[in-house]
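Peer 1: Here it is, the structure, as structure tokens.
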Amino acid sequence: MHTLRLALLGLAACVAIILGWAYWHEAARGPGSGRVTERQASPQEIAAMRRAIERTVAGTPDYSGFFETLKAAFPAEYEAFLARAAERAASAGESASADALMIEAARGLRRSHGILAAQADGPALDRYFDARYAMLHALAANDQGLCVAFLYGGGHADFVGFSRDHRALLAALAAAGLNAISDGKDKRGDRERPTEEDFHTLENALRAQGVSNAAIATLLDGKVLNPPLSDGEMCQAGEIYLKTLAALPEAPRRRIYGFAVELMARS
């Protein structure tokens with residue numbers, strides 16, 4: 001079925017780009033992490049590391065607001081994040097960076113409560129996808145190879161430096177996701193699924209913006225081309241994809257957005 005093919009292969013790939021496993025995995029490892037031998041930490045060491053982590057996130061202005069909101073809106077998720085991070089850091093003998101902690105917390109929230117964002121009001125979804133576009137646009141200007149790796153959720157060591165140097169973008173994206181989840185939690189409404197016509201409209205709009213059939217097949221159908229498209233073409237197509245989605249009429253745009261975040265939560 002065309003709709004499911006587009007949604008499950010294309011959208012599932014795209015919505016995973018921001019807070020996917022590969023991004024967290026690379027950011028959390030950091031230089032030299034392969035040489036760290038973990039051991040069983042004592043409760044005192046874990047408690048001390050927890051306090052250190054709380055100081056780290058509270059002392060990082062770009063991220064502190066997210067953690068404060070997370071603690072207030074989802075206290076159980078906040079406590080679970082702290083427990084995981086503190087135990088791992090105590091066992092390794094060192095804490096992760098503020099950027100890695102931010103990514104881990106946002107990823108944990110997405111996995112546990114992300115499905116609620118699909119029920120959020122349209123403006124909350126619009127802000128979330130606007131933040132996604134801002135992140136991809138900055139990546140495109142920074143490094144097109146990094147942009148493509150990010151577009152498809154691939155691990156890339158340079159994400160560590162990018163996150164550190166672009167904390168405001170990461171914070172805005174995570175905050176927009178948290179706000180959408182909180183909004184959906186309050187609304188608990190049902191959103192219509194995207195229609196066949198919605199996806200035809202999107203595909204035609206991409207062609208009208210000059211996106212090649214090969215790039216559309218890669219973005220929407222998840223096809224692996226041999227040879228692959230250049231980083232420059234794929235990065236540009238990814239930007240156009242998100243801009244085109246944002247420019248769709250309100251009803252189809254928000255149906256696709258809602259379905260996309262639902263797929264992200266289930267991925």
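Peer 1: Sorted by average packing, counted as other Cβ atoms within 10 angstrom per residue and highest first, what order do 134-142, 117-125, 203-211 take?
Peer 2: Working: 134-142: 18.6, 117-125: 21.1, 203-211: 15.4.
Highest mean packing first, the order is 117-125, 134-142, 203-211.
Peer 1: Now for a separate question. Using a Förster distance of 25 Å, how high is the FRET efficiency between ARG266 and ARG39, based on the Cβ-Cβ distance and rounded to 0.05? Could the numbers behind the result be given before it?
Peer 2: Working: r = 35 Å, r/R0 = 1.42.
It comes out at approximately 0.10.
Peer 1: Still on this structure, please answer the following. Given points 7 Å out from each Cα along the Cα-Cβ axis, report the ALA48 to SER112 separation in nanometres with one decimal.
Peer 2: Here the answer is 2.7 nm between the modelled labels.
Peer 1: A follow-up question, please. Considering only the other residues whose Cβ falls under 14 Å of the Cβ of ASP62, what net charge follows from Lys and Arg at +1 and Asp and Glu at -1?
Peer 2: On the way: positive: ARG164, ARG167; negative: GLU68, ASP99, ASP165.
Here the count lands on -1.
Peer 1: Round to the nearest 10 and report in Å² the accessible area of ASP99, as given by a 1.4 Å probe over the protein chains' heavy atoms.
Peer 2: Solvent-accessible area, nearest 10 Å²: 10 Å².
Peer 1: Turning to a different aspect of this structure: How much accessible surface area, in Å² rounded to 10, belongs to the heavy atoms of THR244 with a 1.4 Å probe?
Peer 2: Surface open to solvent at THR244 totals about 10 Å².
The values are calculated or read from the model by the stated rules, or taken from the named source; none is laboratory data. Please read all numbers here as calculations on a predicted model, not as lab measurements. In this analysis, Cβ positions are derived from the backbone assuming ideal geometry, glycine residues included, and neighbour counts consider all displayed protein chains. Ligands, DNA and RNA are excluded from the accessible area calculation, which covers all protein heavy atoms including side chains. Shrake-Rupley method; radii C 1.70, N 1.55, O 1.52, S 1.80 Å.
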